[in-house]
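The values are calculated or read from the model by the stated rules, or taken from the named source; none is laboratory data. Because the structure is a prediction, the values reported are computed rather than measured. Note that we place each Cβ from the backbone using ideal geometry, even for glycine, and neighbour counts take in every protein chain shown. Side chains are part of the model used for accessible areas, which takes the heavy atoms of the whole protein and leaves out ligands, DNA and RNA. Shrake-Rupley method; radii C 1.70, N 1.55, O 1.52, S 1.80 Å.
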Amino acid sequence: MGVETTEDARLAALAQLDMLDTAPEERFDRVVRLAQQLFGVPTVFVSLVDRDRLFYKAKVGLEQDEAERDTSFCRFTIEQPDTFVVEDATADPRFVENPWVVDDPHLRFYAGHPLVAPGGHRVGTFCLMDVQPREFGPQDAVLLRDLASWVEQELVVDDELQRAAQVQAGLLPRTVPDVPGYGIAGACLPARGVGGDFFDWALTDGRLAFTLADVMGKGGGAAIIAATVRAVLRAASRRGSVSDAVATAEESLALDLSGTSMFATAFHAHLDPGTGRVDYVDAGHGLAVVVHADGTTTRLEPGGAPLGFAAALDPDAPPPVRDAAHVLLAPGDLLVTFSDGVLDVLDGTLASVDEVARRLGGASSARDAVDRVLGLARGTSDRPDDLTVVAVHREP
Amino acid sequence: MEIETDLRPDAAVLRPAGRLTMVTASELRARVDETVAAGHRVVVLDLADTTFMDSSGLGALVGGLRATREVGGDLRIARPGAQIRTVLQLTTMDRVLKPYDTVEDALRAS
């Protein structure tokens, strides 16, 4: 028995994925399309790096199904753990004479992130390429890493339900961002089985993006669509306004949902902590209130149909134009958004929204507000739906 | 789910009874599809006995609306209860699925 080299172990890990020379799959294709749209590059691909070749599991802007490993840029990417970037190949001695650069397609820009299999082996890459030189900043790197880790999740699971459970478990944020002057809290109590509710938040350039969404239905399908909505909103929020982010989400959902009559409701917002201004898009969600420091409450009006609704009704319809609304959080104000599972533990009508707002009066913090909403469900042992809530409190 | 069907000269009236949820939504969808396939382009859903509707139920309404529109028809809803009206309002679906107070109003609408 010979000594197993690192490369042999890596190839064994790759073989275990059982994905070399398999057909394209929508779950990878959608990430690739999304990256193409978000970065505005012509070429994006997921490669699996075999002993002497790259196999493209998903690609846009590339004709061939595989490429030589020796001359590939990805050869460098899988040899180290970080994003490998070549902003201009003609200015990099390692690549000036590379056939990808010298010949068609005359590549100038490359950014690739290694894809890691469960045992820690780098088995592939998630890459962007352009025929123009480009700058690649820290924000871009974060976004590329996010998308690459989404691909990694998809690589390791092939069973639909297993995927659903894993995907849903990975949906909720594990930490609370530190926004000076504000308290932030959220919770999701899933009902039986895998549901379609989730919340998310992320801090970018001092601005807090937060989301609460509910994908129609339950089970694997709902959870996978939920993962898509979350990833798209998260990624798109790094670059543009709330309306842009929601429009991008809707566009990629249309591809997934057209003809299935499935859709998602969402409340997606950006908080500017300095001014307390919250810009938001409400896509058929309708369940958000601001409890002011003086005890009065404002219900944020629903702004438009759920995501994917237009496509469910007519796959050829253009995506709807969504205008963002805004509300100002003064010191002491509290914004709370929650899922319709909360209504269902009350009487299910709009009067329940007032009831929730009433119970939030005098809440001392975001955490307290979340606990008060969850407290509504106490004693109802057989909730039919997920119960999800997010609260943002501007300290007095 | 029990779905009573009442065929009128110019429309089919379907009366789903009970809870319209993930469990029953596909039954209603299938019934609307059958009704359309049988040549009825206008379908009125009488929701007087539908006690609860969740997002999957709403999906069935949207799917039914699409099926009828594809053949140049329409799907209309009549007599929804307060909970169903709330779901329609929150999702702004009441803009495309206007709730009618009576089945006759829904039949007369165009």
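Structure values in brief
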{"read-out": "Odd one out for A:GLU152, checked against (1) touching a Phe, Trp or Tyr at 6+ places or on another chain (Cβ under 6 Å); (2) within 19 Å of A:THR22 (Cβ to Cβ)", "value": "(1)"}
{"read-out": "Residues of region A:234-267 satisfying the condition of being at pLDDT 80 or above and of a type in the set (A, V, I, L, M)", "value": "A:ALA235, A:ALA236, A:VAL242, A:ALA245, A:VAL246, A:ALA247, A:ALA249, A:ALA264, A:ALA266"}
{"read-out": "Among (1) in contact with a strand residue (DSSP E or B) (Cβ under 7 Å, 6 or more places away or on another chain); (2) in contact (Cβ under 8 Å) with a residue 12 or more places away in the chain - the single one A:ASP65 does not satisfy", "value": "(2)"}
{"read-out": "In region A:95-128, the residues that are in contact (Cβ under 8 Å) with a residue 12 or more places away in the chain and over 25 Å from A:ARG10 (Cα atoms)", "value": "A:PHE95, A:ASN98, A:PRO99, A:TRP100, A:VAL101, A:PRO105, A:HIS106, A:LEU107, A:ARG108, A:PHE109"}
{"read-out": "Among the residues listed as A:THR71, A:THR43, the single one being at pLDDT 90 or above, open to solvent by 30 Å² or more (accessible area, probe 1.4 Å) and under 19 Å from A:HIS113 (Cα atoms)", "value": "A:THR71"}
{"read-out": "Selected residue (only one of B:ARG85, B:ARG95, B:ARG29, B:ARG79 is more than 24 Å from A:ASP314 (Cβ to Cβ) and within 12 Å of chain A (Cβ to nearest Cβ))", "value": "B:ARG85"}
{"read-out": "When residues of region A:268-285 are limited to those that are surrounded by 24 or more Cβ atoms within 10 Å (Cβ to Cβ) and away from every other protein chain (no Cβ under 11 Å), the one farthest from A:PRO396 (Cα to Cα)", "value": "A:VAL281"}
{"read-out": "Residue in region B:38-57 that is of a type in the set (Gly, Ala, Ser), within 14 Å of another protein chain (Cβ to nearest Cβ) and within 11 Å of the chain's Cα centre (by Cα) present", "value": "yes"}
{"read-out": "Residues of region A:84-104 satisfying the condition of being within 14 Å of A:THR71 (Cα to Cα), touching a helix residue (DSSP H, G or I) at 6+ places or on another chain (Cβ under 8 Å) and not in a helix (DSSP H, G or I)", "value": "A:ARG94, A:PHE95, A:VAL96, A:ASN98"}
{"read-out": "Within region B:1-26, considering residues that are open to solvent by less than 70 Å² (accessible area, probe 1.4 Å) and charged (D, E, K, R), the one nearest to the other protein chains (Cβ to nearest Cβ)", "value": "B:ARG15"}
{"read-out": "Number of the exception - B:VAL32 against (1) assigned to a helix (DSSP H, G or I); (2) modelled with pLDDT under 95; (3) hydrophobic (A, V, I, L, M, F, W, C)", "value": "(2)"}
{"read-out": "Any hit, region A:287-299, residues being more than 28 Å from B:VAL62 (Cα to Cα), of a type in the set (D, E, K, R), at pLDDT below 85 and surrounded by fewer than 24 Cβ atoms within 10 Å (Cβ to Cβ)", "value": "no"}
{"read-out": "Residue in region A:14-57 that is farthest from A:ARG108 (Cα to Cα), counting only those that are in a strand (DSSP E or B) and within 19 Å of the chain's Cα centre (by Cα)", "value": "A:VAL46"}
{"read-out": "Region B:39-75: number of residues that are of a type outside the set (A, V, I, L, M, F, W, C) and over 19 Å from B:THR24 (Cα atoms)", "value": "9"}
{"read-out": "Residue in region A:325-333 that is touching a Pro at 6+ places or on another chain (Cβ under 6 Å) and surrounded by fewer than 17 Cβ atoms within 10 Å (Cβ to Cβ) present", "value": "yes"}
{"read-out": "Selection within region A:146-166 - modelled with pLDDT under 60 and within 13 Å of the chain's Cα centre (by Cα)", "value": "none"}
{"read-out": "Matching residues, region A:289-307, being within 21 Å of B:ARG85 (Cβ to Cβ) and away from every other protein chain (no Cβ under 11 Å)", "value": "A:VAL289, A:LEU300"}
{"read-out": "Single residue of A:GLY308, A:GLY348, A:GLY304 found to be more than 29 Å from the chain's Cα centre (by Cα), within 27 Å of B:VAL96 (Cα to Cα) and open to solvent by less than 20 Å² (accessible area, probe 1.4 Å)", "value": "A:GLY348"}
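So that you can scan it fast, the table gives a plain yes or no per residue for (1) in contact (Cβ under 8 Å) with a residue 12 or more places away in the chain; (2) more than 13 Å from chain B (Cβ to nearest Cβ):
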residue: A:LEU287; (1), (2): yes, no
residue: A:ASP316; (1), (2): no, no
residue: A:HIS326; (1), (2): yes, yes
residue: A:PRO331; (1), (2): yes, yes
residue: A:LEU335; (1), (2): yes, yes
residue: A:VAL353; (1), (2): yes, no
residue: A:ARG367; (1), (2): yes, yes
residue: A:LEU376; (1), (2): yes, yes
